[in-house]
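Colleague: Structure below; questions to follow.
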Amino acid sequence: MRKTWGKHSMKCNARADGNKSMLMIRRATLEDLGAITEIYNEAVLQTVATFDTELKTIEEQKTWFSNHDSKHPILVAEQDGLVVGWSSLSKWSDRCAYSDTAEASLYVKKEHQGKGIGRKLLEAIITEGQKAGLHTVIARIAEGNEASINLFKSEKFEHIGTMKEVGRKFDKLWDVYLMQKIYDT
Ligand SMILES: CC(C)(COP(=O)(O)OP(=O)(O)OC[C@H]1O[C@@H](n2cnc3c(N)ncnc32)[C@H](O)[C@@H]1OP(=O)(O)O)[C@@H](O)C(=O)NCCC(=O)NCCS
């Protein structure tokens, strides 16, 4: 079964040198779940970008996918037919008063990082959240993840606080940096 939330894609030339490689940011479908999971599991094993410590199975990921909808989209970056990154907006909480607040997630495959793909994915997901009527988006970023902190800062997310020593991974306790963007009304 193919689950989409309407036709939607943005194409952009990913290379400043005009080379033919095209980057497309589009809505994720269930067919993308294998690639999304592979990228996520790479981060589970190697980074504190996520505080998951166990690899996700496709079954678990199907549940995650089905918890997203038009207000909480998942986007992928596709380059030359391959999914090289993804971004999403997830419910911040199931409690109804939080319904206009979402959490952003963003992952680019290691060998494709540093080429502008993360920025395009973040910009696209911010735009989707605004179109969907969200009021605010929050990011939780582990201390030391300068790439992520810089990227969110440059997209006008503000640092709103730090949760001290909340995650234990790789035999260390990590602080989590909270960053927030409130949409202009
Ligand atoms: C964070 C991440 C999504 C950034 O994606 P990317 O494609 O590598 O980033 P881009 O090339 O689009 O760079 C965008 C901006 O991020 C910042 N940035 C990227 N890499 C950086 C680095 N190594 N050091 C410092 N800042 C960096 C810069 O501000 C950069 O803008 P600039 O090129 O104008 O200076 C990517 O590194 C990633 O997937 N990391 C692992 C997962 C992760 O940390 N996710 C975020 C969890 S909150």
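The values are calculated or read from the model by the stated rules, or taken from the named source; none is laboratory data. Quick caveat, the model's predicted, so the values are computed rather than measured. All Cβ positions, glycine included, derive from the backbone under ideal geometry; neighbour counts span all protein chains shown. Quick note on the areas: whole protein, heavy atoms, side chains included, nothing else; ligands and nucleic acids left out. Shrake-Rupley method; radii C 1.70, N 1.55, O 1.52, S 1.80 Å.
Colleague: Do you know which residues across segment 137-156 are out of contact with any helix residue (DSSP H, G or I) (no Cβ under 9 Å at 6 or more places or on another chain) and open to solvent by less than 40 Å² (accessible area, probe 1.4 Å)?
Modeller: Selection gives I138, I149.
Colleague: While we're on this one: Would you be able to say whether some residue in segment 29-42 is away from the ligand (no atom under 14 Å from the Cβ), open to solvent by 40 Å² or more (accessible area, probe 1.4 Å) and either closer than 23 Å to S148 by Cβ or under 15 Å from the mean Cα position of the chain (by Cα) (or both)?
Modeller: No: zero hits.
Colleague: Let me ask something additional. Where in segment 111-185 are the strands (runs of 3 or more DSSP E), entirely inside, with at least 3 residues that are within 18 Å of I74 (Cα to Cα)?
Modeller: Because the criterion is at least 3 residues that are within 18 Å of I74 (Cα to Cα), the strands (runs of 3 or more DSSP E) in segment 111-185 that meet it are 136-142.
Colleague: For the subset of segment 103-119 comprising residues that are charged (D, E, K, R) and within 6 Å of the ligand (Cβ to nearest atom), which member is most open to solvent (accessible area, probe 1.4 Å)?
Modeller: K115
Colleague: Also, quick follow-up: Which of the residues belonging to segment 136-156 are over 15 Å from A102 (Cα atoms) and more than 7 Å from the ligand (Cβ to nearest atom)?
Modeller: Across segment 136-156, the qualifying residues are A142, E143, G144, I149, K153, E155, K156.
Colleague: Of all residues being among the charged types (D, E, K, R) and open to solvent by less than 40 Å² (accessible area, probe 1.4 Å) in segment 157-185, which is nearest to S70 (Cα to Cα)? Just the residue, please.
Modeller: Per the stated criteria, the residue is K181.
Colleague: Starting from segment 109-121, take each residue that is within 20 Å of L45 (Cα to Cα) and list its partners that are near the ligand (Cβ under 6 Å from one of its atoms), counting only C-beta distances under 7 angstrom and pairs at least six apart or across chains.
Modeller: Qualifying pairs under 7 Å: G118/L106; G118/V108; G118/L151.
Colleague: Next question, about the same structure. Filter segment 157-185 for residues that are modelled with pLDDT under 95 and either touching a helix residue (DSSP H, G or I) at 6+ places or on another chain (Cβ under 8 Å) or under 27 Å from G116 (Cβ atoms) (or both) and give the result.
Modeller: Matches in segment 157-185: D184 only.
Colleague: For residues that are in a loop (DSSP other than H, G, I, E, B) and touching a residue at least 24 places away in the same chain (Cβ under 8 Å), scanning just segment 69-98, find the one that is farthest from G34 (Cα to Cα).
Modeller: For segment 69-98, the residue satisfying everything is W92.
Colleague: Those residues that are touching a Gly at 6+ places or on another chain (Cβ under 8 Å) and surrounded by fewer than 17 Cβ atoms within 10 Å (Cβ to Cβ), I need them from segment 43-63; list them, please.
Modeller: Once the filter is applied, which keeps residues that are touching a Gly at 6+ places or on another chain (Cβ under 8 Å) and surrounded by fewer than 17 Cβ atoms within 10 Å (Cβ to Cβ), segment 43-63 yields F51, I58.
Colleague: Any chance you could count how many residues in segment 64-93 are open to solvent by less than 10 Å² (accessible area, probe 1.4 Å) and of a type in the set (G, A, S)?
Modeller: 4
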